[in-house]
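The block underneath contains the structure these notes are about, expressed in C-alpha cells.
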C-alpha cells in the first residue's frame, strides 16, 4: 500500500510517500514544495496544485493522508492553511484517490505515543520508524511522513 502524507501550507507544503508491506514501512520519497511570499496567493496555490498533481501522477499512491486544520489564535494562518488543504483535496479527488484526515494530536500519538510530543520527538521517531539516514528537513517534511505513518497504523485492512 502506497500512502502519500501531506502537511499543508502555502509557504511550505511537506509531502512524504511511504509504502506499507506486511506491517513494514519504508519511505519512497519525501520533501517540501515552497512558494514565494511575494507571489499572489492564486499563483502560489496553482504552483502547489501543479506539484501535487505531478507527484500523484509519478508515484501513484493508493491513498492520501492529510493533516486536519488546527485552529489556533492566528485566523489568517488558518485560512491560508485551509486553502492549501483545498489544493490537496482537489488534486486527490481528480485522481479518484481516497483522502484520510488526522489531527496533529492523532499523528503525534500514532508516531511518538504521546499526543503532545514536540517536533524533535516526531523527527526522531520518523527517522527510526522509516530507517532514514537522518531526520527529514524541514519540519513540514517530517510532519508529512508522520501523517502517512499515522494512516498506515490506523487503516483497517480490506476484507477478502
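Brief remarks on what is shown
- When the Cα convex hull of the range 61-128 is projected onto planes of every orientation, the mean area is 5.4 nm².
- The antiparallel fraction among DSSP beta bridges confined to the range 2-154 stands at about 65%.
- The candidate values are [x] 17.7; [y] 15.6; [z] 18.2; the one derived from this structure for Kirkwood radius over Cα pairs in Å carries the label [y].
- The relative contact order of the chain, computed from alpha carbon pairs under 8 Å that lie at least 6 residues apart in sequence, is 32 percent.
- Averaged over residues, the count of other Cβ atoms within 10 Å places the peptides 31-40, 144-153, 10-19 in the sequence 144-153, 10-19, 31-40, highest first.
- Each peptide in 97-103, 64-70, 132-138 was scored by the mean count of other Cβ atoms within 10 Å over its residues; highest first, the order is 64-70, 97-103, 132-138.
- Percent RCO, i.e. relative contact order, over the range 74-160, from Cα pairs under 8 Å lying at least 6 residues apart: 22
- The C-alpha atoms of the chain define a longest principal axis, and helix 119-129 lies at about 50 degrees to it.
- Degrees between helix 75-94 axis and first principal axis of the chain (Cα, 0 to 90, nearest 10): 70
Bear in mind these aren't lab numbers, they're just calculated from the coordinates by the rules spelled out. Not measured: the values here are computed from a predicted model. Note that each Cβ is placed from the backbone with ideal geometry, even for glycine, and that neighbours are counted across all protein chains shown.
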